[in-house]
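K.L.:
Can you keep this structure in mind? I'll have questions shortly.
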Amino acid sequence: MSYTVLARRYRSTAFEGVIGQEPIAQTLKNAIKSGRIAHAYLFSGTRGVGKTSMARIYARALNAPATIPDCPVPPGEHEYPPEDVQQRMATAIMAGDDLNVIEIDGASNRSVEDARQLIGNASLAPTGNARFKIYIIDEVHMLTKEAFNTLLKTMEEPPAHVKFILCTTEPHKVLATIQSRCQRFDFRNLPSARIAEHLTNVLKQEKIEAQADAIWQVARLGNGSMRDALSLMDRLIATGKFPLSAKILEEMLGLPPVEQVVGLVEAMAAGDIGKTLTQTAALIDGGIAVEQFFDVLIERLRVLMLVAACGKDSELVELADDARDLAATQAQSFDAAGIVHMIALCENVQRTCKLSSNPRALLDAAMVRLALAEKMADVSAVLQGGGQAGFGAQKKN
């Protein structure tokens, strides 16, 4: 039997299952209950946040409402088939195989001929027991201008039985005349905490052990996309090393060990130039590029800035409990204003390194400057008569 990846196996099948998009789900349910079902919708948002899943669920709610818990039945004169028939319809809809819920890839069917064929079929009534014929056009922004214009008239005055759901990651590329005929819903990126919570539940159902720091790191690397996070978790599980840990993830992705990054920041906080350069060399010798080095360091400094400014228990701090405690201890060596300047310095040097013939020299010079931050701040304070200057000028005791 072939393996089904986690992103497909745990795909949402009900409104409440689309994690992080509860306001949109409730609005669509209210629209069904009140009979205010628009003829066209535009779902926009980054990849993997639930646009196509929500489109399928909405189509299922319109044609097979009995298969979704607490789903209202669209008002009007229509006799829905028995629940077992609706269940077969729902299964086909969620698999993308239903004859009355037509999914179209805008990237592969972008020509004016494809649009004309779609319009021609739209005039035909739904088959079998379905109430509506629903067109889900994914990546709709890939359609050509001519295809959009061909589609425009049908979307303006569609047959009563036809509904359009357009999905896109780039809504600014969809013609304004198309957008004006749609109800638009913007799907937001998912917080790492929600992704981590879902990953934990998935691993529990899969009976797979994983350390909390590994789950949180996968959630952060998902960058707001549940699908990306689940795909990355699939790769991590495929290593066959259990329990899953941050170290296994680092080896798989070629990321620098967290303890080395923590050690580097500790050396910088202590003003130990020699140790700072040694830790820097260890990271670079581990195989990461200068640009990636700065990405990792900036992310660590960002975490410390959030802890210093908001406290370790803030929702903005996306770390497991043990990692939060460690970050809180390390953040005591800095203040928020100082870390802001350190991040700015790293970003500037990172940009300069891309144009330099000797990026390693710029890297080492930047690390020395960061390690000397406290002393430089003290000299500036003396020259200014004791005022605050430089970054890291008010080191906490």
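K.L.:
Run S53 past the list (1) in contact with an Asp or Glu (Cβ under 9 Å, 6 or more places away or on another chain); (2) crowded, with 19+ Cβ neighbours inside 10 Å; (3) not in a loop (DSSP other than H, G, I, E, B) and report the number of the one that doesn't hold.
P.N.:
Here S53 clears every test but (1).
K.L.:
Can you tell me which residue within the stretch 152-200, out of those that are of a type in the set (V, I, T) and within 13 Å of the chain's Cα centre (by Cα), is surrounded by the most Cβ atoms within 10 Å (Cβ to Cβ)?
P.N.:
Of everything passing the filter in the stretch 152-200, I195 is surrounded by the most Cβ atoms within 10 Å (Cβ to Cβ).
K.L.:
Please go through the stretch 226-243 and pick out each residue that is farther than 29 Å from R188 by Cα and touching a strand residue (DSSP E or B) at 6+ places or on another chain (Cβ under 7 Å).
P.N.:
P243
For every residue, the table says whether it meets (1) in contact (Cβ under 8 Å) with a residue 12 or more places away in the chain; (2) out of contact with any Gly (no Cβ under 8 Å at 6 or more places or on another chain); (3) part of a loop (DSSP other than H, G, I, E, B).
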| site | (1), (2), (3) |
| --- | --- |
| T4 | no, yes, yes |
| G20 | yes, no, yes |
| K29 | yes, yes, no |
| R36 | no, yes, yes |
| V49 | yes, no, yes |
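K.L.:
Considering the stretch 145-175 alone, what residues qualify as being part of a helix (DSSP H, G or I), over 14 Å from S44 (Cα atoms) and not hydroxyl-bearing (S, T, Y)?
P.N.:
Passing the criteria: K145, E146, A147, F148, N149, L151, L152, K153, M155, E156.
A quick yes/no check of all residues on (1) out of contact with any His (no Cβ under 9 Å at 6 or more places or on another chain); (2) in the same structural domain as I24 (by TED's automatic domain parsing):
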{"site": "H172", "(1), (2)": "no, yes"}
{"site": "R181", "(1), (2)": "no, yes"}
{"site": "I208", "(1), (2)": "yes, no"}
{"site": "A212", "(1), (2)": "yes, no"}
{"site": "R220", "(1), (2)": "yes, no"}
{"site": "M226", "(1), (2)": "no, no"}
{"site": "I237", "(1), (2)": "yes, no"}
{"site": "K241", "(1), (2)": "yes, no"}
{"site": "V265", "(1), (2)": "yes, no"}
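K.L.:
Restricting to the stretch 206-224, what's the tally of residues that are among the aliphatic types (A, V, I, L, M), touching a Ser or Thr at 6+ places or on another chain (Cβ under 8 Å) and not in a helix (DSSP H, G or I)?
P.N.:
Final tally of qualifying residues: 1.
K.L.:
So, one more: Among the residues that make up the stretch 53-72, is at least one of them touching a residue at least 12 places away in the same chain (Cβ under 8 Å), more than 15 Å from R131 (Cβ to Cβ) and hydroxyl-bearing (S, T, Y)?
P.N.:
Yes, the stretch 53-72 contains at least one residue that is touching a residue at least 12 places away in the same chain (Cβ under 8 Å), more than 15 Å from R131 (Cβ to Cβ) and hydroxyl-bearing (S, T, Y).
K.L.:
Here is a further query. Are any of the residues in the stretch 52-60 aromatic (F, W, Y) and in contact with a strand residue (DSSP E or B) (Cβ under 6 Å, 6 or more places away or on another chain)?
P.N.:
There is no residue in the stretch 52-60 that is aromatic (F, W, Y) and in contact with a strand residue (DSSP E or B) (Cβ under 6 Å, 6 or more places away or on another chain).
K.L.:
Ok, one more. Scan the stretch 229-245 and give yes if some residue there is within 16 Å of G17 (Cα to Cα) and hydroxyl-bearing (S, T, Y), otherwise no.
P.N.:
No.
K.L.:
Any idea which residue in the stretch 327-336 is nearest to F293 (Cα to Cα), counting only those that are touching a residue at least 40 places away in the same chain (Cβ under 8 Å), crowded, with 17+ Cβ neighbours inside 10 Å and not aromatic (F, W, Y)?
P.N.:
Ranking the qualifying residues of the stretch 327-336, first place goes to Q330.
K.L.:
On to the next question. For the structure I just gave you, tell me whether G263 is assigned to a helix (DSSP H, G or I), in contact with a helix residue (DSSP H, G or I) (Cβ under 7 Å, 6 or more places away or on another chain) and free of Cβ contacts under 8 Å to residues at least 24 places away in the same chain.
P.N.:
Yes: the conditions hold for G263.
K.L.:
Report yes if some residue within the stretch 238-245 is part of a helix (DSSP H, G or I) and either surrounded by 21 or more Cβ atoms within 10 Å (Cβ to Cβ) or touching a Ser or Thr at 6+ places or on another chain (Cβ under 9 Å) (or both); otherwise report no.
P.N.:
No, there is no match, as no residue in the stretch 238-245 is part of a helix (DSSP H, G or I) and either surrounded by 21 or more Cβ atoms within 10 Å (Cβ to Cβ) or touching a Ser or Thr at 6+ places or on another chain (Cβ under 9 Å) (or both).
The values are calculated or read from the model by the stated rules, or taken from the named source; none is laboratory data. The model shown is predicted, which means the values in this text are computed figures rather than measured ones. Quick reminder, even Gly has a Cβ in these numbers, built from the backbone with ideal geometry, and neighbours come from all protein chains shown.
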